Amino acid sequence: MKTIYFDNNATTRVAPEVLEAMLPFLGERYGNASSMHAFGGRVAKDIQAARERVAAFIGADPSEIVFTSCGTESDNMAIHGAAEVLGPQARVVASRVEHPAVLGPCRRLRDMGFSETEVPVDSAGQLDLDALREALKDGAPSIVSIMWANNETGVVFPMAEIAQIVKAAGAVLHTDAVQVAGKLPIDVRSAPVDMLSLSGHKLHAPKGIGVCYIRRGTRVKTFMLGGHQEHGRRGGTENVPYIIGLGRAVELAAAGMEEENRQIARLRDKLERGLLATCPDARVNGDVRNRLPNTSNMSFEYIEGESILMHLSDRGICASTGSACAAGSLEPSHVIRAMGVPFTAVHGSVRFSLSRYNTEAEVDTVLAELPKIIAKLRALSPFCQNG
């Protein structure tokens, strides 16, 4: 059975070009970049070249790039590191629809005595900017963490405007840009965030490599102690093959982004139109005008999203109910609940997220199979009046 993979917001296939770039560093070029000898020094130069590629990808200076193990580590580094500098009298501000990698450290800081505010979103999943202003109006020292795009709905937040609000309040701004990287252009000069998180495995690099961008002059307490690597900002021997892979992945993303976006959005829109036409009581969740080109979050009323996914999986089709980090939980998505999606639809949400490797034939297969699954599950549902 051929696998049809529509779960690219959870993770992506490693691009062949990325794997090719990594292989020498898993073999003959195995030197430790921190060593004093020339063998390790040559590897250090390769890391620097990758750092420069990543910096160019987001409009930063190479000195502002810190390599980490993943987006989650980058989020924790930024939030905890800035909060420690500000001190326990500080406020931590996030949106209610953040990824658990952001909500988790924010709530831990709350438990440690920090003040915490979670800003609501509207029914389209867009951030309430007035509520953000209200949260910051007293001028108290604050670290604000607002995602650039939502991992479940694909809704894109107006990061340049958010940055203006946060900077006017004198607060520190971090953004989880894990879902934006490789899908939309990022420029930290036009959206002047203080810190930004990326994750390699969301843009066709391997799992286990991330980035924390820290703007020059931003004060952040060192999160990972025990070594001088990353200019003393993150101890630990560099994951050389994966750093090289990420450097190649951002090159590929930058070169093909515009054309890929058009093709991926066309397939996404065809999938949505087909499902809305063939599945009664279906709806698209989120702001359809301001979202990632690859993401569609749909609710099918009166049935469970987990049941839909199991039936799709039996046919070799991979999708998601939202965040991969919440897999196995029977609780409805906190993102969908925060948007006020009706009770009859909140449990029946499914996320389809496409990539450059998806095809029209795969969309056609989903359009042929999913309406039959929906009809079958509704026939068994005690909540469906037509069942």
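Within region 302-323, the set of residues being over 26 Å from residue 128 (Cβ atoms), of a type outside the set (Gly, Ala, Ser) and not in a helix (DSSP H, G or I) comprises 302, 303, 304, 315, 317, 318. Filtering region 241-295 down to residues that are in a loop (DSSP other than H, G, I, E, B) and hydrophobic (A, V, I, L, M, F, W, C), which residue is nearest to residue 182 (Cα to Cα)? The extreme case among them is 292.
Among residues that are within 30 Å of residue 283 (Cα to Cα), open to solvent by less than 50 Å² (accessible area, probe 1.4 Å) and of a type outside the set (D, E, K, R), residue 172 is not included. Give the residue that is surrounded by the most Cβ atoms within 10 Å (Cβ to Cβ), with candidates limited to residues of region 140-169 that are over 14 Å from residue 292 (Cβ atoms) and charged (D, E, K, R). If we take residues in region 140-169 being over 14 Å from residue 292 (Cβ atoms) and charged (D, E, K, R), then 167 is surrounded by the most Cβ atoms within 10 Å (Cβ to Cβ). Remark: pairs (first residue in region 142-170, among the charged types (D, E, K, R); second residue open to solvent by less than 10 Å² (accessible area, probe 1.4 Å); Cβ separation under 6 Å; 6+ apart in sequence or on different chains) = 152/297; 152/322; 152/335; 152/351.
Of the residues making up region 184-202, those that are touching a residue at least 40 places away in the same chain (Cβ under 8 Å), open to solvent by 20 Å² or more (accessible area, probe 1.4 Å) and out of contact with any Lys or Arg (no Cβ under 6 Å at 6 or more places or on another chain) are 184, 185, 187, 189, 190, 202. Restricting attention to region 264-305, the residues being modelled with pLDDT of 95 or more, β-branched (Val, Ile, Thr), touching a helix residue (DSSP H, G or I) at 6+ places or on another chain (Cβ under 8 Å) and farther than 19 Å from residue 124 by Cβ number 1. If only residues of region 1-50 that are open to solvent by less than 30 Å² (accessible area, probe 1.4 Å) and in contact with a Leu (Cβ under 9 Å, 6 or more places away or on another chain) are counted, the one that is farthest from residue 206 (Cα to Cα) is 4. Note on region 309-325: residues that are open to solvent by 10 Å² or more (accessible area, probe 1.4 Å), under 14 Å from residue 368 (Cα atoms) and in contact with a Cys (Cβ under 9 Å, 6 or more places away or on another chain) total 0. Counting the residues of region 338-363 that are in contact with a Lys or Arg (Cβ under 9 Å, 6 or more places away or on another chain) and outside any loop (DSSP other than H, G, I, E, B) gives 8. Filtering region 217-272 to residues that are of a type outside the set (D, E, K, R) and closer than 30 Å to residue 367 by Cβ leaves 252, 253, 256, 257, 261, 263, 264, 265, 267, 271.
Whether a residue is surrounded by 21 or more Cβ atoms within 10 Å (Cβ to Cβ) and in contact with a strand residue (DSSP E or B) (Cβ under 6 Å, 6 or more places away or on another chain) was assessed, and residue 110 does not pass this test. Candidates in region 289-308 are the residues that are touching a residue at least 60 places away in the same chain (Cβ under 8 Å) and under 22 Å from the mean Cα position of the chain (by Cα); of these, the one that is surrounded by the fewest Cβ atoms within 10 Å (Cβ to Cβ) is 290.
Yes or no, residue by residue, for (1) open to solvent by less than 20 Å² (accessible area, probe 1.4 Å); (2) touching a Ser or Thr at 6+ places or on another chain (Cβ under 9 Å); (3) acidic (Asp, Glu):
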{"residue": "234", "(1), (2), (3)": "no, yes, no"}
{"residue": "250", "(1), (2), (3)": "yes, no, no"}
{"residue": "255", "(1), (2), (3)": "no, no, no"}
{"residue": "260", "(1), (2), (3)": "no, yes, yes"}
{"residue": "275", "(1), (2), (3)": "yes, yes, no"}
{"residue": "339", "(1), (2), (3)": "yes, yes, no"}
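The values are calculated or read from the model by the stated rules, or taken from the named source; none is laboratory data. Every value quoted in this text rests on a predicted model; they were computed, and no experiment measured them. Ideal geometry is used to build each Cβ from the backbone, glycine not excepted, and the neighbour counts take in all protein chains shown. Ligands, DNA and RNA are stripped out before the accessible areas are found, and what is left, the full protein with its side chains, is counted by its heavy atoms. Shrake-Rupley method; radii C 1.70, N 1.55, O 1.52, S 1.80 Å.
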